[in-house]
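Peer 1: Provided herewith is a single structure, encoded as structure tokens, for subsequent inquiry.
The values are calculated or read from the model by the stated rules, or taken from the named source; none is laboratory data. The structure displayed is predicted, hence computed values, not measured ones. Because the Cβ atoms are built from the backbone with ideal geometry, glycine has one as well, and the counts that use them run over all protein chains shown. With ligands, DNA and RNA removed, areas are computed over all heavy atoms of the protein, side chains included. Shrake-Rupley method; radii C 1.70, N 1.55, O 1.52, S 1.80 Å.
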Amino acid sequence: MTTRPQLPERVPRAEGEPTALDGLLVVDFTRVVAGPACTQTLADFGAEVIKIENPDGGDDTRSYEHADLAGESAAYVSLNRNKRGIVLDFTNPAACDVARELIARADVVVENFSAGVMRKYGLDYPSVAPSNPRLVYCSISAYGRQGPFASRPGFDPITQAESGFMSLNGFPDGPPVRTGPPAIDMVTGMSACNAILLALFARDRLGRGQHVEVALFDVALGMTGFYGMAHLMTGENFSRQGNSPNGSPSVGLYEAADAPFYIACANDRLYRRLVIEVLGRPDLASGEFADRRLRTANKDRLRAILTGIFVQDLRENWVTRMKAANIPVGYLRTVEEAFNSPEVRERHRVSQIPHPTAGTVPNVEQPIRLSLTPVADPLAAPLLGEHTMEVLRKTLGYDDARIAALAEAGAFGMVATVEVS
């Protein structure tokens, strides 16, 4: 039986410190991974992010199976920190009116619906830009909002497969493998955040906003990196190299007598340091192993030699000696081992934060650090519709009578957390 890790309370930020995005209003129509990852970064740095969900179940990740606390899934909690959540039923015209009023006041809109959904409800960029010309409107999709593929549905693993990215993952004698975490979704979220910040920077100079787009397929294609570029330069169809990119035998996973470790001696300088200072084998730095190209040409023989040497001692001994020689080396850790590691502990990467129904939920810190404008103190992902009344009253200035009329019209569906009074 597994037990939930004990996590420290989070140390709050210093009183009075500004955040980078103070005063920025973001209306968030996103769900699942890429969109929420984007808007969570904006929220972490101080933007007011209002997450709009369908009252019938909300964000799909709420029901993901990885784990949950008091009904809140790990996927949802990990992607929706620092947001205020409201519910609107877009099949109800009154709810669409509320959405349009929020957009009219917003600096940023982010959406990742299927093609045509926002247009259907009069919430697409051409419909809302005239009333808010400074609006930055970001659309995230699988294949873009223009062209013959705009209507195709697509998810992270589909674009991994179609872009060639998946063909580069795995071992040469095995099938292509998708990444465990949804890497394309996460990098698309980062790219969307960058696109929004670029458009906001341009708005300061040009005086108006714009429509920006980010597509999962485009991101996945770009993530083939130098393999894709090498194909364009040579015509060669590169494929899987396992744990040793380009077949380099001095980069990869090795087994010590008791446990595995990973080394990355990618250049001649580091390789010579490894074989001479750590292994005491200067013969491995000359002849058929003298430089990277020769080592790659003779990779099977060199890998067999290194494998035979490393298995003769314990992992900790190898790691200690390599660190002393300033050689890039790391333990192969499980998720549990990683989250219990000294790097996580000393860098204060995890904590626990209050939650209205679960008591507390784990928090993984934002990886970006700014010295003058640090991240906002984290607030747990909102319950479905948790802040509907607060947003209507404080952001839009609705009085009780108007809110009651909206509720009577069914604009909020039947969400239990929405209370008119």
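Peer 1: Any residue in segment 5-27 that is open to solvent by 80 Å² or more (accessible area, probe 1.4 Å) sitting within a Cβ distance under 6 Å of a residue that is modelled with pLDDT of 95 or more and not aromatic (Phe, Trp, Tyr)? List the pairs, counting only those 6 or more apart or interchain.
Peer 2: Close Cβ pairs satisfying both conditions: 12/377; 22/46.
Peer 1: From the residues in segment 300-348 that are over 32 Å from the mean Cα position of the chain (by Cα) and outside any helix (DSSP H, G or I), which one is nearest to residue 267 (Cα to Cα)?
Peer 2: Within segment 300-348, the match that is nearest to residue 267 (Cα to Cα) is 325.
Peer 1: Suppose we filter 267, 317 for residues that are open to solvent by less than 80 Å² (accessible area, probe 1.4 Å) and farther than 20 Å from residue 243 by Cβ; which single one remains?
Peer 2: 317
Peer 1: Okay, next question. Within 28 Å of residue 45 (Cβ to Cβ), in a loop (DSSP other than H, G, I, E, B) and open to solvent by less than 50 Å² (accessible area, probe 1.4 Å): is that true of residue 360 in this structure? Show your work before the answer.
Peer 2: Working: within 28 Å of residue 45 (Cβ to Cβ): yes; in a loop (DSSP other than H, G, I, E, B): no; open to solvent by less than 50 Å² (accessible area, probe 1.4 Å): yes.
No, not satisfied.
Peer 1: Being closer than 25 Å to residue 320 by Cα, open to solvent by less than 50 Å² (accessible area, probe 1.4 Å) and among the β-branched types (Val, Ile, Thr) is the filter here; which residues of segment 274-305 pass it?
Peer 2: 275, 278, 305
Peer 1: Let me ask something else. Are there any pairs with C-beta distances below 8 angstrom linking a residue in segment 299-327 that is of a type in the set (Val, Ile, Thr) to a residue that is assigned to a helix (DSSP H, G or I), with the two at least 6 apart or on different chains, and if so which?
Peer 2: Matching pairs, first to second residue: 305/284; 327/270; 327/273; 327/274; 327/278.
Peer 1: Separate question: Please give the number of the condition residue 48 fails out of (1) crowded, with 16+ Cβ neighbours inside 10 Å; (2) charged (D, E, K, R); (3) modelled with pLDDT under 95.
Peer 2: Just one mismatch for residue 48, condition (3).
Peer 1: Can you tell me which of 95, 104 is in contact (Cβ under 8 Å) with a residue 12 or more places away in the chain and either touching a strand residue (DSSP E or B) at 6+ places or on another chain (Cβ under 8 Å) or open to solvent by 20 Å² or more (accessible area, probe 1.4 Å) (or both)?
Peer 2: 104
Peer 1: Does residue 68 satisfy being within 30 Å of residue 407 (Cβ to Cβ), in contact with a Gly (Cβ under 7 Å, 6 or more places away or on another chain) and not hydrophobic (A, V, I, L, M, F, W, C)?
Peer 2: no
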